[in-house]
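Here's the structure, in structure tokens; my notes come after.
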């Protein structure tokens with residue numbers, strides 16, 4: 001066989017080899033070719049868990065999660081001003097719902113990814129904290145997150161009102177922009193105690209804490225949603241899927257959260 005006929009035969013064989021090779025490529029190889037990056041706006045209380053989940057997500061998918069942490073109110077304001085966030089992990093349900101209503105987020109993608117708990121924290125390891133600590137008149141400063149913009153701050157105020165100590169303690173408040181700053185006030189000695197997220201005070205954090213009974217405040221249900229800017233990004237959808245999966249669930253529970261749905 002010579003000329004065009006021979007070349008045609010070679011082309012047919014080559015095409016067959018390519019098709020066979022494609023059928024033998026491991027599934028993970030195709031996924032690796034689509035590796036991407038997702039930009040996530042994340043409530044400050046979830047920062048430790050988010051970093052753990054981000055590392056697990058990258059190991060599992062090859063995608064990289066880049067986090068911006070802040071109070072839920074601040075993050076929502078950034079989203080409204082077209083900041084380049086692609087997913088939103090809030091510390092409440094109201095802001096993700098509003099993000100959908102205002103057209104910043106994709107309808108049908110909102111879900112509860114975690115349920116937070118409030119804790120009274122001291123950097124001193126000795127004291128046995130309890131409700132009696134909040135009724136004690138001997139301390140000067142109590143750190144809380146801003147109750148207007150931070151859901152953990154709102155929960156702190158609700159709990160203090162339920163205990164009947166809010167009016168007396170209000171002059172002693174040291175308000176953080178978010179619950180992360182409230183925690184830092186205590187960690188640096190600028191406040192003796194703080195009402196912070198339980199997730200911030202576990203797993204090797206020095207000091208002592210008391211878990212505030214959940215019936216003293218509204219449930220801190222935290223919702224996630226896909227933002228319009230992430231609509232065409234497969235890595236963004238993959239991150240939200242991973243956030244609902246068993247590996248992320250285990251990380252959330254280890255960090256002191258209810259896993260959500």
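The values are calculated or read from the model by the stated rules, or taken from the named source; none is laboratory data. Source: prediction; values computed, not measured. Here the Cβ is made from the backbone with ideal geometry for all residues, glycine too, and neighbour counts use every protein chain on show.
Counting just the residues of region 83-109 that are surrounded by fewer than 16 Cβ atoms within 10 Å (Cβ to Cβ) and in contact (Cβ under 8 Å) with a residue 24 or more places away in the chain, which one comes out farthest from residue 232 (Cα to Cα)?
Among those residues, the one meeting the criterion is 97.
Quick one: in region 135-149, which of the residues that are in contact with a strand residue (DSSP E or B) (Cβ under 7 Å, 6 or more places away or on another chain) and outside any loop (DSSP other than H, G, I, E, B) is surrounded by the most Cβ atoms within 10 Å (Cβ to Cβ)? Give the steps one after another, and end with the answer.
At the first step, the residues of region 135-149 found to be in contact with a strand residue (DSSP E or B) (Cβ under 7 Å, 6 or more places away or on another chain) are 139, 141-146.
Add one more test, that the residue is outside any loop (DSSP other than H, G, I, E, B), and what stays is 142-145.
Values: 142: 26, 143: 27, 144: 30, 145: 32.
The residue in question is 145.
Please specify each residue of region 45-69 satisfying the condition of being surrounded by 21 or more Cβ atoms within 10 Å (Cβ to Cβ) and either outside any helix (DSSP H, G or I) or not assigned by TED's automatic domain parsing to the domain that holds residue 91 (or both).
Listed by number, the residues that qualify are 63, 65.
Need a quick list: strands (runs of 3 or more DSSP E) entirely within region 192-244 having at least 1 residues that are over 16 Å from residue 131 (Cβ atoms) and in contact with a strand residue (DSSP E or B) (Cβ under 9 Å, 6 or more places away or on another chain).
Numbers: elements: 193-197, 208-211, 220-226.
Once the strands (runs of 3 or more DSSP E) in region 192-244 are filtered for at least 1 residues that are over 16 Å from residue 131 (Cβ atoms) and in contact with a strand residue (DSSP E or B) (Cβ under 9 Å, 6 or more places away or on another chain), what remains is 193-197, 220-226.
Is there a residue in region 102-119 that is in a helix (DSSP H, G or I) and more than 28 Å from residue 254 (Cβ to Cβ)?
So the first thing to find is which residues in region 102-119 are in a helix (DSSP H, G or I), and the list is none.
The answer is no; no qualifying residue exists.
If only one of 134, 142 is out of contact with any helix residue (DSSP H, G or I) (no Cβ under 6 Å at 6 or more places or on another chain) and under 23 Å from residue 219 (Cβ atoms), which one is it? So that I can check it myself, show each step before the final result.
On the way: 142 fails: out of contact with any helix residue (DSSP H, G or I) (no Cβ under 6 Å at 6 or more places or on another chain).
One residue alone meets the criteria, 134.
List the pairs whose first member sits in region 244-258 and is free of Cβ contacts under 8 Å to residues at least 24 places away in the same chain, whose second member is surrounded by fewer than 20 Cβ atoms within 10 Å (Cβ to Cβ), and whose Cβ atoms are under 9 Å apart, counting only residues at least 6 apart or on separate chains?
Here the result reads 245/60; 249/259; 249/260; 250/259; 253/259, each pair linking region 244-258 to a residue that is surrounded by fewer than 20 Cβ atoms within 10 Å (Cβ to Cβ).
Quick one: what pairs do we get from region 187-216, first residue assigned by TED's automatic domain parsing to the domain that holds residue 177 and at positive phi, second surrounded by fewer than 24 Cβ atoms within 10 Å (Cβ to Cβ) and not in a helix (DSSP H, G or I), C-beta under 6 Å, 6+ apart or different chains?
Between residues of region 187-216 that are assigned by TED's automatic domain parsing to the domain that holds residue 177 and at positive phi and residues that are surrounded by fewer than 24 Cβ atoms within 10 Å (Cβ to Cβ) and not in a helix (DSSP H, G or I), the close pairs are 207/122; 207/123; 207/125.
Only one residue in 114, 65, 90, 119 is over 13 Å from the mean Cα position of the chain (by Cα) and at pLDDT 95 or above. Which one? Quick ask: steps written out before the conclusion?
Working: 114 fails: over 13 Å from the mean Cα position of the chain (by Cα); 65 fails: over 13 Å from the mean Cα position of the chain (by Cα); 90 fails: over 13 Å from the mean Cα position of the chain (by Cα).
The match here is 119.
Applying the selection to region 187-203, what residues are surrounded by fewer than 19 Cβ atoms within 10 Å (Cβ to Cβ) and under 17 Å from the mean Cα position of the chain (by Cα)?
Residue satisfying the conditions is 202 alone.
Which one of the conditions (1) surrounded by fewer than 24 Cβ atoms within 10 Å (Cβ to Cβ); (2) not assigned by TED's automatic domain parsing to the domain that holds residue 242 does residue 121 fail to meet, given that it meets all the rest?
If we test residue 121 against (1) surrounded by fewer than 24 Cβ atoms within 10 Å (Cβ to Cβ); (2) not assigned by TED's automatic domain parsing to the domain that holds residue 242, just (1) comes out false.
Of everything in region 164-186, what is free of Cβ contacts under 8 Å to residues at least 40 places away in the same chain and over 21 Å from the mean Cα position of the chain (by Cα)? Give them in sequence order.
Taking region 164-186 as the starting set, the residues that turn out to be free of Cβ contacts under 8 Å to residues at least 40 places away in the same chain are 164-176, 182, 184.
Selection gives 164, 165, 166, 167, 168, 169, 170, 171, 172, 173, 174, 175.
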